[in-house]
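What follows is a single structure, written as structure tokens, with notes after it.
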Amino acid sequence: MHMSDALLSPAVGGTMWVAAGATLGYCASRLKGRLEDGMVPLMGVLGAFVFAAQMINFTLPGTGSSGHLGGGLLLAVLLGPHAAFVVVASVLTVQALFFADGGLLALGSNIINLGLFPCLLAYPLIYRPLAVGDVGHSRRTFATVLTAVVALQLGAFAVVLQTTLSGLADLSFGAFALLMQPIHLGIGLVEGVVTAAVVRYVGQARPDLLRMTHASANAPHRRKKALAALSVAAVLVGGVFSWFASAHPDGLEWALAKAGFEEEQSGGEGLHGGLARVQQRLAIFPDYGFRLDEQGAEVVEKESWPQADAGTSVAGVVGGSLTLLLATVAGLLLKRRSKESV
């Protein structure tokens, strides 16, 4: 559900940048004095894991579409909502800058749509009342699926609203919404089930990772083992499992195609063209792989599955490493502010 710049006007895109920045500032203020010793490396490693997980699109049977995990809810469960939002912003920033996944003008919108709704709205309002505390597995699973579905429905609706307000795409609000909401319902159901399974596994195998406590922070041996396991998982997912990603367009691309929108219609002049050229220069692995041969000609991808590709593997590992670095730096800066405020 990463929006491209072609969908947004400068006014709407700029407003969403301000909204994303204000939300990051709010989260930073809420984290003052609350970041425990083990949280910073956990933010980095989980950021790398979510980056890798987002590379794997799963097919939605009978639709010709696919989806991928947003990861916001999973991060909120493991880190808390405010640290989770910071990590989501780190993931999306790396994707936009170095992989051309989501536009630069659209970065603020993507952070709000994929970060604010699962981390700061659906998690505290739905998941926590239903799933936190001494509840059974069935109730926690139900709460996780419900939270994921609501968060993704809100995010999908926000995409429709932001696109319509921009007025660049000749799309009917009602028709676009009727395409976006049902397809993201299916994606939300899958994300909820997968998130519930991961949370259950973590709760059984590494209970110290469920909302890092002072007790677990003072157990460096257990913490190091948990972080090592997550690091290995991030490398495997980004470097190998990403070969098995679906080739079908994701939910947003599918809805736009069904609505008759072609990105080329948006033009390449002005701010949009300038940002596109900047992104083209920055993107070291556009579309998560090697795309040019030695003469600079585009490489035609093979129609095969799984797509065993060295470029995809390198992109997954490099992207995960960059996300780990950015999320860790963000955590360290917040940790420093926490100490200074004491």
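The values are calculated or read from the model by the stated rules, or taken from the named source; none is laboratory data. Note that this is a predicted model, so its numbers are computed, not measured. Neighbour counts run over all protein chains shown; Cβ positions are idealised from the backbone, glycine included.
At-a-glance table
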{"quantity": "Every residue from the stretch 20-55 that is among the small types (Gly, Ala, Ser) and touching a helix residue (DSSP H, G or I) at 6+ places or on another chain (Cβ under 8 Å)", "calculated": "Ala20, Gly21, Ala28, Gly33, Gly38, Gly44, Gly47, Ala48, Ala52, Ala53"}
{"quantity": "Residue among Leu31, Leu75 that is among the aliphatic types (A, V, I, L, M), under 17 Å from the mean Cα position of the chain (by Cα) and farther than 16 Å from Gly251 by Cβ", "calculated": "Leu75"}
{"quantity": "Residue ranges of helices (runs of 4 or more DSSP H) in the stretch 96-215 with at least 3 members farther than 20 Å from Lys258 by Cβ and of a type in the set (S, T, N, Q)", "calculated": "137-166"}
{"quantity": "Unmet requirement for Thr59, which otherwise passes all of (1) more than 27 Å from Leu252 (Cβ to Cβ); (2) among the β-branched types (Val, Ile, Thr); (3) not in a helix (DSSP H, G or I)", "calculated": "(1)"}
{"quantity": "Given (1) modelled with pLDDT of 95 or more; (2) in contact with a Leu (Cβ under 9 Å, 6 or more places away or on another chain), number of the condition Pro124 does not satisfy", "calculated": "(2)"}
{"quantity": "Top-ranked residue of the stretch 96-117 - restricted to ones that are crowded, with 23+ Cβ neighbours inside 10 Å, within 24 Å of Gly316 (Cβ to Cβ) and of a type in the set (A, V, I, L, M), ranked as farthest from the chain's Cα centre (by Cα)", "calculated": "Ala106"}
{"quantity": "Any hit, the stretch 118-138, residues being within 21 Å of Pro249 (Cβ to Cβ), over 16 Å from the mean Cα position of the chain (by Cα) and among the aromatic types (Phe, Trp, Tyr)", "calculated": "no"}
{"quantity": "Long-range neighbours under 7 Å by Cβ, at least six apart or interchain, first residue within 17 Å of Ala143 (Cα to Cα) within the stretch 55-84, second assigned to a loop (DSSP other than H, G, I, E, B) and of a type in the set (A, V, I, L, M)", "calculated": "Leu78/Leu210"}
{"quantity": "The stretch 231-265, subset crowded, with 17+ Cβ neighbours inside 10 Å and among the acidic types (Asp, Glu), residue nearest to Val160 (Cα to Cα)", "calculated": "Glu253"}
{"quantity": "From the options His272, His248, residue that is assigned to a loop (DSSP other than H, G, I, E, B), modelled with pLDDT of 90 or more and either under 22 Å from Ser9 (Cα atoms) or of a type outside the set (A, V, I, L, M) (or both)", "calculated": "His248"}
{"quantity": "Some residue of the stretch 136-143 being closer than 21 Å to Met16 by Cα and either touching a Cys at 6+ places or on another chain (Cβ under 7 Å) or of a type in the set (Gly, Ala, Ser) (or both)", "calculated": "no"}
{"quantity": "Sole exception among (1) under 24 Å from Ala234 (Cα atoms); (2) surrounded by 23 or more Cβ atoms within 10 Å (Cβ to Cβ); (3) of a type in the set (A, V, I, L, M, F, W, C) for Leu189, by number", "calculated": "(2)"}
{"quantity": "Any hit, the stretch 63-77, residues being under 24 Å from Gln280 (Cβ atoms) and either β-branched (Val, Ile, Thr) or surrounded by 24 or more Cβ atoms within 10 Å (Cβ to Cβ) (or both)", "calculated": "no"}
